[in-house]
Every structure is written in structure tokens, then in C-alpha cells.
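Below is one structure, written out as C-alpha cells; comments come after it.
The values are calculated or read from the model by the stated rules, or taken from the named source; none is laboratory data. Predicted, not measured: the structure shown is a model, and the values here were computed from it. Here the Cβ positions follow ideal geometry from the backbone for every residue, glycine too, while neighbour counts run over all protein chains shown.
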Amino acid sequence: MKILETLAKLCSILSGALLTGITLMTCYSLIGRNTTGDTIAGDFELTGVATGAAIALFMPLCQLKKAHIIVDFFTAKASDATIVQLDRLGALFMAVTFGLLAWRTYLGGMNAWVSQSGSMMLGFPEWIVYAAMTPPLALSAVIALTQALMGAHFSVSEGASS
């Protein structure tokens, strides 16, 4: 399971680099707009598409670390065994959800490829965003399925020994 952890960390590094690039581009565009009048054309389009890809790229590590929001109001007094089973069931639901997201994102990307659709100002090809989102969503599904099948035996710290 070490490979899943490595891939999740790689996705998060790529996402961080993408967000850093967006931030630098936005700063440059804002400073230029307010000082010299120069700006980056379509900077908001690039920010939008890159942010969508960045969110998807962060999902594998979020699932691996079980960092989603958990409401434990109803399970606060449940036994550890019950909580483990509910966590496994939740991971199974997440696997199905991420699998559906990956599948539909793939189909959306194929549709964007066939129609050659692009952003309004720059004509940035939309299929590129879908292509960047599909693999991390599929990886998130695999991680969640692994967590559902292996239960408490698979976590970030134990991933290498499983």
C-alpha cells in the first residue's frame, strides 16, 4: 500500500505547485493592473480551471489521511468495533462516490475533446482540466476501496507495513 501513499503525496505536491503558480500569476496580474495597467488576459479563466484541477489533486491525500469531515454525534458512545465498521462502510461509500466522479469526469473530458470546447477568452481546451482531474479522482476511489476492505489495517502510518 506504500504505492498508494506515494501517489497521493505526489498528487498533493502537484496541487501545491499548481496553486502556487496560480497565486503568483494572480499577484503579477493584480500588481500590473494597479501600477502599469498591464494584466494577464484571461487570468480568471486560468485560475478557475487550475483550481478545479488542484482540488481534485488534493483528494487522494485527504482520503488517505481520513481527513474528510466526520460528524460523530451519533457514534460518540459507540464501541470501537462499531466505529471501525462504520468507518469501513463510509470508506465504501466514498469509493463509490469517487468512482462515479472519476467516470463522469472522464466522460466529460471525452465530450470536451470531441467538441473541442474551450474557455471563452483564451480558448483554453477544457479537456485538459478533465484529464487532470480524472486520475486523482480514480486514485481516491482506489484508496477508499482499500480502506473499506482492509479497515483499520490501512492508514498512512501503517501503509508501508500492510
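For the range 1-39, give me each residue that is of a type in the set (S, T, N, Q) and either loosely packed, with under 15 Cβ neighbours inside 10 Å or at pLDDT 95 or above (or both). Result: 6, 12, 15, 20, 23, 34, 35, 36, 39. Once the range 69-110 is narrowed to residues that are of a type in the set (S, T, N, Q), surrounded by 13 or more Cβ atoms within 10 Å (Cβ to Cβ) and more than 21 Å from the chain's Cα centre (by Cα), the residue that is nearest to residue 150 (Cα to Cα) is 85.
Scanning the range 88-124 for residues that are closer than 17 Å to residue 53 by Cβ, outside any helix (DSSP H, G or I) and aliphatic (A, V, I, L, M) turns up just one, 122. Taking each residue of the range 87-99 that is touching a residue at least 60 places away in the same chain (Cβ under 8 Å) and looking for partners that are surrounded by 14 or more Cβ atoms within 10 Å (Cβ to Cβ) and outside any helix (DSSP H, G or I) with beta-carbon atoms closer than 8 Å, six or more apart or interchain, yields 87/66.
Residues of the range 19-47 being in contact (Cβ under 8 Å) with a residue 60 or more places away in the chain and either among the hydrophobic types (A, V, I, L, M, F, W, C) or part of a helix (DSSP H, G or I) (or both), which ones?
Kept after step one, since they are in contact (Cβ under 8 Å) with a residue 60 or more places away in the chain, are these residues of the range 19-47: 41-42, 45-46.
Of everything in the range 19-47, those that are in contact (Cβ under 8 Å) with a residue 60 or more places away in the chain and either among the hydrophobic types (A, V, I, L, M, F, W, C) or part of a helix (DSSP H, G or I) (or both) turn out to be 41, 45, 46.
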